[in-house]
Structures are given as C-alpha cells and as structure tokens.
1. If you take the residues of segment 35-49 that are modelled with pLDDT of 95 or more and not hydrophobic (A, V, I, L, M, F, W, C), which of them is farthest from L98 (Cα to Cα)?
2. Which condition number in (1) open to solvent by less than 60 Å² (accessible area, probe 1.4 Å); (2) at pLDDT 95 or above; (3) within 30 Å of E192 (Cβ to Cβ) is the one that I125 fails?
3. Which residue pairs have Cβ atoms closer than 6 Å, lie 6 or more positions apart in sequence or on different chains, and pair a first residue in segment 111-135 that is over 30 Å from I166 (Cα atoms) with a second residue that is part of a loop (DSSP other than H, G, I, E, B) and open to solvent by 40 Å² or more (accessible area, probe 1.4 Å)?
4. Only one of these is crowded, with 19+ Cβ neighbours inside 10 Å and at pLDDT below 95: G196, G200. Name it.
5. In this structure, is L116 at pLDDT 95 or above and touching a strand residue (DSSP E or B) at 6+ places or on another chain (Cβ under 9 Å)?
6. Give the number of residues within segment 158-193 that are in a loop (DSSP other than H, G, I, E, B), open to solvent by 40 Å² or more (accessible area, probe 1.4 Å) and of a type outside the set (G, A, S).
7. So the check is Cβ under 6 Å with 6+ separation or different chains; which pairs have a first residue in segment 59-77 that's within 17 Å of E157 (Cα to Cα) and a second one that's among the charged types (D, E, K, R) and surrounded by 20 or more Cβ atoms within 10 Å (Cβ to Cβ)?
8. Quickly run through segment 83-103 and pick out the residues that are open to solvent by 20 Å² or more (accessible area, probe 1.4 Å) and modelled with pLDDT of 95 or more.
Amino acid sequence: MKKIKIGLFAILVGTSISILGQDNTNEYLEFNDRNNVVHGVYLGLTTYLGEIEEKVTYMGGLKVAYVANQQFEVGLAGTFLYSRQDVYRITENYDQDLIGAYGGLHLEPIFFSKHLVNLSFPILIGAGAVGYIDNNYSDHYNENLTEDDFDAIFIIEPGISALFNISRYVQLEAGVKYRFSSELELEPNAVERINGLSAGLGIKVGVFNMGRNRYKKNI
C-alpha cells in the first residue's frame with residue numbers, strides 16, 4: 001500500500017512539472033472557426049486568331065465572372081468572329097465572308113492558384129448566330145441583311161490557358177481553345193460548321209482576393 005501511494009505521488013509530481021513546463025513555453029494553438037473563403041470578380045477582354053475551314057478567322061471576346069477561392073470561375077462570356085472565307089455567290093456575283101457572334105456560360109477550374117503563373121481549363125457552353133456578308137465594299141453596293149442570311153448554332157469551346165498574376169487587380173492570360181459547333185444551314189453551303197482552333201491573349205481587371213481571412217493559427 002505504501003508503495004502504491006509513493007507511485008501515485010511520483011506520477012502527480014511528474015504531471016505537475018510537465019504542465020508547468022508547457023505553460024512557460026510560447027507554443028500554443030489558436031483556434032479559428034472562420035472559413036478562409038476568398039472571393040473575386042472581374043471583367044475580361046480577349047483577342048484570338050484562329051481558323052475556320054483553313055481560312056483566317058479573327059475573334060474578340062468579353063466575359064464577366066465570379067472567382068471562388070482563386071480556384072474556380074463561373075460567369076458569362078461572349079465572342080464576335082469574322083472569317084475571311086471568300087465564298088463566291090453566283091446569284092449575287094460577289095465573294096462573301098463569314099461573321100457571327102455567340103455566348104453563354106463560362107466555367108474555368110484553376111490550378112496552382114497560389115503561384116505567379118496558374119494553369120486553367122476554361123470552357124464555354126452557349127449559342128449564337130452565323131451568316132455570310134459581302135466583302136465587296138464598293139460605294140454602289142447596298143446590302144440588306146435579313147434573318148434568312150443567318151443561322152443559329154450551338155457552341156462548346158474548351159481550352160487551356162496560362163494565367164499571370166500581375167497584381168491583386170490585374171491578371172493576364174494566354175491560351176488556346178477549340179470550337180465545336182452544330183451544323184449550319186446556309187446558302188451557299190461552303191461552311192458546314194465553324195469548328196476550329198484558335199490562340200490568343202487576354203486581360204482580366206477586377207479584384208481577385210476579396211474577403212481574405214486575416215486570422216492566423218499559431219503553433
């Protein structure tokens with residue numbers, strides 16, 4: 001019995017010394033139940049050069065998006081295109097080029113968002129309209145476009161981009177994308193789809209890290 005009491009006393013003394021030793025150190029845990037959510041919003045402008053039916057195509061785009069935790073974007077995007085097709089129309093006796101516009105839902109997962117250069121995989125899912133326009137800009141020509149000169153299309157456009165974090169408010173992007181479209185029903189039927197690869201540059205202006213959690217956990 002005496003040995004048991006001596007053993008319990010020794011354990012109690014040892015535990016007390018250990019607790020006192022911990023109290024005298026500067027290491028501790030600070031718990032914080034606030035979610036570390038970083039929000040962002042921006043307006044983006046893009047310019048791309050590509051091809052449709054192996055003909056040079058110029059594109060300009062505009063997008064507005066929300067950025068969650070600098071890891072995922074969701075928003076709206078629109079694109080205008082002009083393609084030098086030079087399609088000859090016998091009935092009108094002039095060549096025609098292709099013009100169009102499309103837009104829809106913009107989604108973009110982002111990887112390595114804490115680095116200076118990020119990798120992302122944007123995709124646009126939407127719809128638009130495409131048609132022919134005369135490329136003879138003579139003064140005597142007067143073209144009256146009607147709805148029969150254009151056709152509605154469905155678009156899916158995935159891509160891959162490198163994002164460069166210039167500052168908290170500015171981000172540059174460079175990337176390539178491929179456009180898949182539904183079939184066109186236009187006369188002449190020289191262009192059946194506006195599928196094609198394009199590459200270009202863009203700029204995003206906004207705030208990419210609003211709502212940053214300023215609380216830290218010390219260990």
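1. Y42
2. Only one criterion is unmet by I125, namely (1).
3. Correct list of pairs: D134/E143.
4. Details: G200 fails: at pLDDT below 95.
Going through G196, G200 in turn, just one is crowded, with 19+ Cβ neighbours inside 10 Å and at pLDDT below 95: G196.
5. Working: at pLDDT 95 or above: no; touching a strand residue (DSSP E or B) at 6+ places or on another chain (Cβ under 9 Å): yes.
Spelling it out, it is not the case that L116 is at pLDDT 95 or above and touching a strand residue (DSSP E or B) at 6+ places or on another chain (Cβ under 9 Å).
6. Adding up the residues that qualify gives 9.
7. Once the first residue is within 17 Å of E157 (Cα to Cα) and sits in segment 59-77, its partners that are among the charged types (D, E, K, R) and surrounded by 20 or more Cβ atoms within 10 Å (Cβ to Cβ) give A65/E73; E73/E108; G75/K63; A77/K63.
8. Step one: filter segment 83-103 for residues open to solvent by 20 Å² or more (accessible area, probe 1.4 Å), giving 84, 86, 88-95, 99, 101, 103.
Listed by number, the residues that qualify are A101, G103.
The values are calculated or read from the model by the stated rules, or taken from the named source; none is laboratory data. Everything quoted here is computed from the prediction, not taken from an experiment. No Cβ is skipped: glycine too gets one built from the backbone with ideal geometry, and neighbour counts run over all protein chains shown. For accessibility, only protein heavy atoms count, side chains too; no ligands or nucleic acids. Shrake-Rupley method; radii C 1.70, N 1.55, O 1.52, S 1.80 Å.
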